[in-house]
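To start, the structure under review is shown below, and the notes come after it.
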Amino acid sequence: MNDVLVAEDLRRSYGDTEALAGVSLSVGEGEVFALIGPNGAGKTTLVRALTGTTDPDSGSVSVFGTAPESADRQRLGLLPQSFDPPERLTARELVEYYAGLYDEARDPEEVLAEVGMADDDGTRYENLSGGQRRRTCVGTALVNDPDLLFLDEPTTGIDPAGRRALWDLIEGLADRGTTVFLTTHYMEEAERLADRVGLLADGELAAVGSPSELVAEYGGRTRVVVETGEGDGEAREALAGTDFEVESTAEGLVIGGVRPEDIGEVVTALNDRGVAYDALTWKQPDLEDAFLRVTGQSVAGGAGVSLGGDSGETALAGGER
Ligand SMILES: Nc1ncnc2c1ncn2[C@@H]1O[C@H](COP(=O)(O)OP(=O)(O)OP(=O)(O)O)[C@@H](O)[C@H]1O
């Protein structure tokens, strides 16, 4: 696979803040690369450095084998994180305007349909909802049918249905061979879309790999988390007679290495001792866990399969009170 994007030891500081502390990466032709990181990790600074929108203090970037400033704009698409187009233009006028900036452009109507804006294309940007605005902006980044597309937090502020529609769109672009570099806070977005994920924290790329590689290497084991609300002492005692390893953490009492078929044993041990708990959740390791383990930081709430909860509606909900 040819690398269309290569960065070597990129550094960028703003005063005392080191936004990029030496980032090196490469993205192959046709690959979808997702950069995950919490607020302030340096994602936008990295996108700006990769696209030539900001100069790094040191390090180098190559886009299609040349410096980003000299790269063929016809082949590049960029959706910046903050994008404020003229508000009084309609969605259609905006996409048409951006199409007019290129020697060759796609049919604006087709682009509007692709981003789900065909029905609202006559509405002024100022009157569109947040999600419609973001979709229109994605449309403006697609007008030149780019070979390499940068999307800085494309789905932030979009409702779940809109997010899924954009994921379908990005998947379609990837299927047609577009190389995509995207940043996101959403683990499920990276997990669903990315061939490879980079975990960025404090300006450093802490790990890079496919979602499954990262989860397998850093995600840890399947586990049950018991939220007791009143200290873990009783629950620890109840589980002392089992073979499970228990650990008190910020998310609750974590019982490691519990397979789905072992959940009953955990519940029975707790119930036999009359341990009160608010929720009992079985979790498979995911990218959030990998991120936490690699960086010591959290990006967002991880996904889990809840077997109980405050409502007490399910069979395994809260223990005895
Ligand atoms: N123009 C600037 N002037 C001063 N500091 C900046 C500037 N741009 C970024 N920073 C700082 O650099 C660090 C990285 O910011 P950046 O916007 O790249 O992070 P991010 O990962 O994109 O965050 P978010 O998810 O909140 O968008 C932050 O501490 C930020 O405050």
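Rule-based calculations on the coordinates, nothing more; no lab input. Keep in mind the model is a prediction, meaning the values are calculated, not measured. Positions of Cβ are generated from backbone atoms using ideal geometry, with glycine treated the same way; all protein chains shown enter the neighbour counts.
Return the FRET efficiency for the residue pair residue 129, residue 213: r is the Cβ-Cβ distance, R0 is 30 Å, and the value is rounded to the nearest 0.05. FRET efficiency, residue 129 to residue 213: 0.20.
Rounded to the nearest 500, the helix-only mean residue ellipticity at 222 nm of the chain stands at -8500 deg cm²/dmol, with each DSSP H run of n ≥ 4 adding -39,500 (n - 2.57). Charge tally around residue 199: other residues with Cβ under 12 Å, Lys/Arg +1 each, Asp/Glu -1 each, net -3. Which one, 156, 105, 269, projects farthest toward the positive side of the charge dipole computed for the chain from Cβ point charges (K/R +1, D/E -1)? My answer, from the dipole projection, is 105.
Nothing charged except the Cβ atoms of Lys and Arg (+1) and of Asp and Glu (-1): what's the magnitude of the dipole of segment 110-269 about its Cα centre? Round to the nearest 20 debye.
Computed about the Cα centre, the dipole is about 440 debye.
Reducing segment 224-260 and segment 1-79 to their Cα centroids gives an inter-centroid distance of 43 Å.
Check each of the trypsin sites (Lys or Arg not before Pro) in segment 35-133 and keep only those in coil by DSSP with at most 12 other C-beta atoms within 10 angstrom; list them in order.
The qualifying sites are 88.
When only the Cβ of Lys, Arg, Asp and Glu is charged (+1, +1, -1, -1), the dipole of segment 1-126 relative to its Cα centre reaches about 420 debye. For the peptides 253-262, 20-29, residues were scored by their other Cβ atoms within 10 Å and the scores averaged per peptide; the highest-first order is 20-29, 253-262. Rounded to the nearest 10 degrees, the inclination of helix 130-142 to the longest alpha-carbon principal axis of the chain is 50 degrees. For segment 44-202, the Cβ-based charge dipole about the Cα centre amounts to some 180 debye (Lys, Arg positive; Asp, Glu negative; other atoms uncharged).
For residue 84 and residue 106, compute 0.36 nm times the residue count separating them, minus their Cα-Cα distance, and round to one decimal in nm. So the extension gain works out to 5.7 nm. Dipole orientation for the chain: of the candidates 28, 140, 235, 140 has the Cα lying most toward the positive pole (charges on Cβ; Lys, Arg +1; Asp, Glu -1). Projecting the Cα atoms of 214, 193, 225 onto the charge dipole of the chain, computed from C-beta unit charges around the Cα centre, puts 193 farthest toward the positive end. Between residue 69 and residue 119, residue separation times 0.36 nm minus the direct Cα-Cα distance comes to 14.3 nm.
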